[in-house]
1. Need the full-extension length gain, residue 179 to residue 223, defined as separation in residues times 0.36 nm minus the C-alpha distance. One decimal, nm.
2. Which three lengths, in whole Å and largest first, does the chain cover when its Cα atoms are put on their principal axes?
3. What do you get for GluC sites (Glu not before Pro) in the range 149-243 restricted to DSSP loop and a cutoff of at most 15 other Cβ within 10 Å of the site's Cβ?
4. So what is the calculated 222 nm ellipticity per residue for the chain, using -39500 (n - 2.57) for each DSSP H run with n of 4 or more, over all residues, to the nearest 500 deg cm²/dmol?
5. Projecting each Cα onto the charge dipole of the chain (Lys/Arg +1, Asp/Glu -1 at the beta carbon, about the Cα centre), which of 160, 145, 31 comes out farthest on the positive side?
6. For the pair residue 105/residue 43, report the inter-label distance in nm, with labels modelled 7 Å from Cα in the Cβ direction.
7. How high is the relative contact order of the chain, in percent, counting Cα pairs under 8 Å that sit 6 or more residues apart?
8. Using a 10 Å cut-off on Cβ atoms, rank the peptides 58-65, 171-178, 187-194 from the highest mean neighbour count down.
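Just so you know, all these numbers are worked out from the coordinates, no wet-lab data involved. All values reported here derive from a predicted model rather than from experimental measurement. As a convention, Cβ positions derive from the backbone with ideal geometry for all residues, glycine included, and neighbour counts pool all protein chains shown.
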Amino acid sequence: MTMSNGNGISSEKKPFRIFVGYDPREDLAFQVCRHSITKRSSIPVEITPIVQSDLRKKGLYWRERGQLESTEFSFSRFLTPHLSDYQGWAMFVDCDFLYLADIKELTDLIDDKYAIMCVQHDYTPKETTKMDGAVQTVYPRKNWSSMVLYNCGHPKNKTLSPETVNTQTGAFLHRFQWLQDQEIGSIPFVWNFLEGHNRVVENDPTTHPKAVHYTRGGPWFDAWKNCDFADLWLNEMEEYNKREAHVAS
């Protein structure tokens with residue numbers, strides 16, 4: 001479909017903006033995530049890491065890190081509409097994703113009547129820790145904010161100013177409390193397929209992941225070398241490394 005930027009101007013030819021959460025501990029995860037998107041995409045994409053230190057230098061992020069923040073982008077992710085000048089559609093995604101399908105398939109699901117669109121998971125994690133020992137927190141709408149399509153030009157998303165992102169509670173932000181339920185569109189779970197929770201059903205292609213989310217921890221952490229779909233991520237990493245070596249030579 002043709003996406004508008006909120007002013008009725010078509011942005012069909014502009015690259016689709018993707019903001020990826022960045023944490024120095026997971027640099028390789030970010031690189032592999034970006035590689036998995038770009039190599040499969042049939043549309044132009046513009047991928048930008050959300051780097052907390054850069055945002056602080058620009059005066060866009062100043063809140064202190066809380067004890068329950070497992071990554072540096074726990075709250076900075078909500079600056080996505082601001083970083084997009086509150087125009088058009090953009091996506092935020094955690095760096096611990098591996099894309100297995102063309103991002104165009106995801107953008108084809110976009111519907112301008114929604115302020116945001118995401119996979120609306122309903123689950124409680126079994127683990128008490130994740131990644132490299134971070135506390136696993138449980139709250140309503142868990143993982144909804146890990147991959148979000150933002151209608152940046154939607155009036156409600158103007159609420160997500162730097163001031164709001166730096167001062168509002170985790171509950172307000174991660175549960176999308178600036179929106180009404182009907183303003184949140186739903187995306188099939190295969191676009192945020194939770195490793196260790198979601199399951200592939202034999203002979204049912206609608207359950208095959210289009211994007212694997214290593215939410216408990218991915219193969220870049222020693223403790224998660226043998227998680228589900230680890231082989232897919234490791235293959236992607238090997239391909240990324242070979243490409244980088246080739247470029248360097």
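1. Numbers: separation 44, 0.36 × 44 = 15.84 nm, distance 3.74 nm.
Contour length minus Cα-Cα distance gives 12.1 nm.
2. 45, 44, 41
3. Values: sites: 163, 183, 195, 202, 236, 238, 239; in loops: 195, 202.
Loop-located and lightly packed - 202.
4. Details: 7 runs with 59 residues, N = 249.
Taken over the chain, the calculation gives -6500 deg cm²/dmol.
5. Result: 160, furthest along the dipole toward the positive end.
6. Inter-label distance under the simple model: 1.4 nm.
7. Values: 430 pairs, mean separation 56.3, N = 249.
Rounded, it is 23 percent for the chain.
8. Values: 58-65: 12.6, 171-178: 16.4, 187-194: 21.0.
The peptides rank, most packed first, as 187-194, 171-178, 58-65.
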